Structure formats: structure tokens, C-alpha cells
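Reading through the C-alpha cells given below for one structure.
Every number in this text was worked out from the coordinates using simple rules, so none of it is lab data. These figures come from a predicted structure and were not determined experimentally. Note: ideal-geometry Cβ built from the backbone for every residue, glycine included; neighbour counts use all protein chains shown.
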Amino acid sequence: MADFSADVVIVGAGAAGAACAQELRARGFGGSVVLVGREPDLPYSRPLVSKDYLSGAVGREATRLRSAAEWDADEIELLTRVSVMKLDPEARTVKLSDKRECSYDKLLLATGANVRRLRVPGSDLDGIHYLRALANADAVRADAQTAEHVVLVGGSFVACEVAATLTAIGKRCTMVMTEELPLSDVAGTQAGWFFARALQERGIETITSDSLERFEAAPVAEGQARARVGAVVTASGREIPADMVVMGTGAVPDVMLARSAKLALGETGGVACARSLETSAPGVWAAGDVCEFDSVPHGRALRIEHWDVAEAQGRAVAAAMLGAGGDFTCVPYFWSDLSDWCKLEYVGVAEGWDREVLRGSLEDGAFSIFYFDQGVLRGCLAVNRPDDLNHARRLLAAGGGLRGPVDALAGLTTDLSGL
Ligand SMILES: Cc1cc2nc3c(=O)[nH]c(=O)nc-3n(C[C@H](O)[C@H](O)[C@H](O)COP(=O)(O)OP(=O)(O)OC[C@H]3O[C@@H](n4cnc5c(N)ncnc54)[C@H](O)[C@@H]3O)c2cc1C
């Protein structure tokens, strides 16, 4: 006999879990909802971890999605600092880290992702940070108080954002990346050129097409218990002095619970879901970074690490739990801020495009890039051109086919609503 029961159990109190809980109530669901999160904080905005929370521009309270009183008013039982240790989809029970067992009728698995850790010589030295949660940002901020020179490993969003944030608060930053240009893996070389210039203009050194080989320890000071990082050594043999290091080396879906519950996993490593986001176990759905879904517009399995997608999936699961679900068909949206220097927005998913069409001017910092694969629009990146993004979203929702030649997009006089 379980210690207690809930109509809905949500595992993971991040973007997807919180959105699902709220949507259940917004749709008038009156049953019991338990939202379990292993972090000590109330559900918060994770994107702030590398931006305004890291810089100190906003405090912990401002990161919260809602206050404790609002969760209470919705009668959502929010268990913080509690982990789900075991999921039994057949018995429909979960075991919690506080030793209690809870039976459920329906369950959402929204366990998110964990940082991808690189195991290289020296990786256990002090002063090497990864960034996922508020507590990680606290540790980076505390270390940055005495550090002058910070090395960022990685050339994607988290590394670029952290370099921008720490530079804006007066730190000297060097980035080491395997990419040819910052963000070029996800946005191509034209956009990469623009972001490289934006970072370099603010004094950030970028070491590109190179990779991390090992960390060297700094000389141990008197009374110091543990050795600290003192330098980053790259595969090409460069030795970059570092008072601290922040790793922006990606994330892997947290499928520990799913795997032990024998849920089917997909080719991206996420939990394999049907178009309705239901997993291989009846009554168990997945959403957010952990979820691999069969995307209707893309015609293939996708796993997306975007805040808005996680929220949209959480809401879609709430609808499905109440019998009002359908295929998950949203056009993915992502944004990123490099301090207050530049905001980029992205719609769609452009993995493996064969053509880029630039609209606007990279030099002026007002441009959009449309990514095509075999003549079909797959994604669009925009900096200071929000209208272009809206048109791209509309075109993507309609399947990405264009009437007329794709080159027409480049002309600023072309009316995109006619495409
Ligand atoms: C530093 C950083 C900056 C980002 N910036 C942006 C941005 O600018 N724009 C954007 O679109 N996206 C951004 N993202 C990505 C975005 O935050 C994620 O896509 C989103 O948070 C995913 O939501 P989620 O609910 O799937 O997972 P998460 O937000 O990771 O939440 C999952 C939660 O589940 C908990 N959990 C895991 N296992 C268990 C368990 N067994 N029991 C209980 N709890 C468990 C975890 O501790 C975690 O709190 C950023 C991510 C990071 C790390």
C-alpha cells in the first residue's frame, strides 16, 4: 500500500513540469497534483542562470516563476529538495527520497538534462565550473570575485552568454572552442562571424578550431587544502592562464529514472515519445529536455533544449492528460542574450541545411538568416529583425515551402507576407 496517492505526479519542477501543473489548473482540473523537484528552489527561470542572475542584476526571488503563495493557491503540492528515486509504471507508483511511496493515475517525466562533463587530466581541480542550476551560478559568482582571467570552454550558447555576462562585470575572458567561429555549429559561418565580432569588440579573446586537452594546477598557496586550476592547455599546445574555468560543453538528457523504469529511449538519447508525447508506458508522458518526440513538421525524431518548447510540451501534456491532447506541432522558438549587447532569436530547427539566405546587414547588426534544406525553409535566426522572425514562423508552420525563388528573401524591399 502506497503512503499517499495523487491523480497526477510530475517528476521535475523545471520549465516543463511547472507549465504542466499550471495548465492542469488553468483547464479546470480539480484532482490532486504533486510536483516533485530535487532542487531546493521554487521553480525558476533557468535561462537567467547564465545571464542576469549570474551578473547579479537580479536576485534569487526574481528568478522564480511564481511565488510559494501562488503554488499554494492553486493547490499544487510542491515538494522541493525531493527526488523521485524509482518509477514503477506497471504498479503506477513512485518512491521518493523522503522514503515515501506515492501512487498515481497519470505521470509526467520532466527530468530535464544534466551538464555534459569532460573527463580530461586535471578536471577534478578546484575552480572548474559547470552551469545548470542557480547554485552553480552562485559558485561561479563567488569564485569570480577574486578571479581576473576566466577561460570558457565551448563555443555554443552557454559559453558565449557566460563570457558576455562576466565581461560585462569586469572580468577578462578567453573562449576555447572546437567551432570555427562562436555559434557557427548551430547558426553557420555568417552568423558566427557576427557573434565573433560582437565578442571580440568587447575584449573577449576567442581561440577557435581547437579543443581542451587538459587543465594545469596553479602553484599551491600556503594553507591551501586543494589544488586549483591555473591554466587550460589545448590540443594545439596553447597554454592559457586561468584563474577559473567555466565549461559550456552541452547537456545530456537525464534519463536515469526512465531507463530504470524500462521506458523506451530514442536515437537522440531522450525518452522516446509518440506525437502526443506519451512514452512507451501507458499513463506516462515526457516533456522538455528529456523528451524525444516525433515532430510532425520535421518528419523525424527531435529532442530540443529550448525553454519555450519545454513549456509548450508541459502544457500539451496537461491537455493530453485531460483527454484534450493531439499531436505536438509547435514551431520551436529559442532566444539568447549576450549581455545587453545583442539579443538573438531563432525559430525552427536547422540541422544540416544546404543554403543560407541573408537579409539585412551583418555589419549593422540588423539581419536575419533563413536556413534551407533542399529548397525547404528549416529555420531562421534574427538579430534586431523581429518581423522577419514572425514571417519565418508562419512559413515554418505551413511546412517551409516558399512560393517563388528563395533569393527573393534577401531583398529588403521584398514583402515577406507575399511569400
Ligand atoms: C545556463 C542555461 C541557460 C539557458 N538559456 C536559455 C535561453 O536563453 N533560451 C532558451 O530557450 N533556453 C535556454 N536554456 C535551456 C532551457 O533552460 C531548458 O531547455 C529548459 O530549462 C528545459 O526545461 P525542463 O523542464 O525540460 O528541464 P529543467 O529546467 O532542467 O528541469 C528539470 C528539473 O527536474 C529535476 N529532476 C531531475 N530528476 C529528478 C528526479 N528524479 N526527481 C526530482 N526532480 C528531478 C532537475 O533537478 C531539474 O530541476 C538554458 C539552459 C541553461 C542550463
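Among Val153, Cys20, Pro282, whose Cα lies farthest out toward the positive end of the dipole of the chain, if unit charges sit on the beta carbon of Lys, Arg (+1) and Asp, Glu (-1)? Of the options given, the answer is Pro282. Within segment 346-419, the trypsin sites (Lys or Arg not before Pro) that combine a DSSP coil assignment with at most 13 other C-beta atoms in a 10 angstrom radius are Arg403.
The base-10 log of I(q)/I(0) for segment 117-247, evaluated at q = 0.12 Å⁻¹, reads -0.43 [Debye formula, identical scatterers on Cα atoms, solvent excluded].
Between the beta carbons of Ser67 and Trp341, assuming R0 = 35 Å, the FRET efficiency works out to 0.65 to the nearest 0.05. Quick one: how many lysine pairs does the chain have with C-alpha atoms less than 16 Å apart and a gap of 8 or more or different chains? Give me the count, please. Taking the chain as the scope, the lysine pair count is 8.
Under the combined filter of DSSP loop state and at most 10 neighbouring Cβ atoms within 10 Å, segment 350-419 retains these GluC sites (Glu not before Pro): Glu363. For segment 169-179, 3J(HN,Hα) computed residue by residue from phi via the Karplus equation (6.51, -1.76, 1.60; θ = phi - 60°) reads 9, x, 8, 8, 10, 10, 10, 10, 9, 7, 5 Hz, glycine and proline entered as x. Measuring r between the beta carbons of Thr146 and Asp98 and using R0 = 56 Å, the FRET efficiency lands at 0.90.
Set the Cα radius of gyration of segment 182-242 against 2.2 N^0.38 Å, with N its number of residues, and you get 1.50. Connecting C-alpha atoms closer than 10 Å in a GNM of the chain, tell me which of Glu39, Glu267, Glu345 has the biggest fluctuation. Fluctuation is largest for Glu267. Each residue in Tyr130, Tyr104 was given a count of other beta-carbon atoms within 10 angstrom of its own, and listing them fewest first yields Tyr130, Tyr104. Dimensions of segment 264-392 along the principal axes, based on C-alpha atoms and rounded to the nearest Å, stand at 53, 33, 25, largest first. Springs join every pair of Cα atoms under 10 Å in this Gaussian network model of the chain, and among Ala264, Ala57, Ala191 the largest mean-square fluctuation is at Ala57. Centre-to-centre, using Cα atoms only, segment 46-123 and segment 287-338 are separated by 18 Å. As a size descriptor, the averaged projected area of the C-alpha convex hull of the chain was calculated at 21.9 nm². The helix-only estimate of mean residue ellipticity at 222 nm for the chain, built from DSSP H runs of length n ≥ 4 each weighted as -39500 (n - 2.57), is -7000 deg cm²/dmol after division by the residue total.
Residues Lys343, Lys95, ranked from the fewest to the most other C-beta atoms within 10 Å, line up as Lys343, Lys95. Between Asp72, Asp254, Asp337, the residue with the greatest mean-square fluctuation in the GNM of the chain (Cα pairs under 10 Å linked by springs) is Asp72. From the Cα gyration tensor of segment 1-123, with a ≥ b ≥ c the square roots of its eigenvalues, which class applies: rounded if a/c is under 1.5, or else prolate if a/b is larger than b/c, or else oblate? Note, shape of segment 1-123 comes out oblate.
Positive end of the dipole of the chain (Cβ unit charges, origin at the Cα centre): among Gly323, Ala231, Gly399, the Cα lying farthest that way belongs to Gly323. Have a look at Leu257, Ser211, Met244 and report the one farthest towards the positive end of the charge dipole of segment 194-311, computed about the Cα centre with Cβ charges (Lys/Arg +1, Asp/Glu -1). Ranked along the dipole, the leading option is Leu257.
Put the Cα centre of segment 378-419 next to the Cα centre of segment 216-240 and the gap is 49 Å.
With 5 Å bins beginning at zero, the pair-distance distribution over Cα atoms of segment 318-377 amounts to 4, 13, 17, 18, 17, 10, 8, 7, 4, 1, 0 %. Put a plus charge on the Cβ of each Lys and Arg, a minus charge on the Cβ of each Asp and Glu, and nothing anywhere else: the dipole of the chain about its Cα centre is then about 520 debye. In plain terms, the residue of His149, His129 with the fewest other Cβ atoms within 10 Å comes first and the most crowded comes last, giving His149, His129.
Working value for segment 350-418: equivalent-ellipsoid semi-axes of 17, 13, 11 Å, each the square root of 5 times a Cα gyration tensor eigenvalue, largest first.
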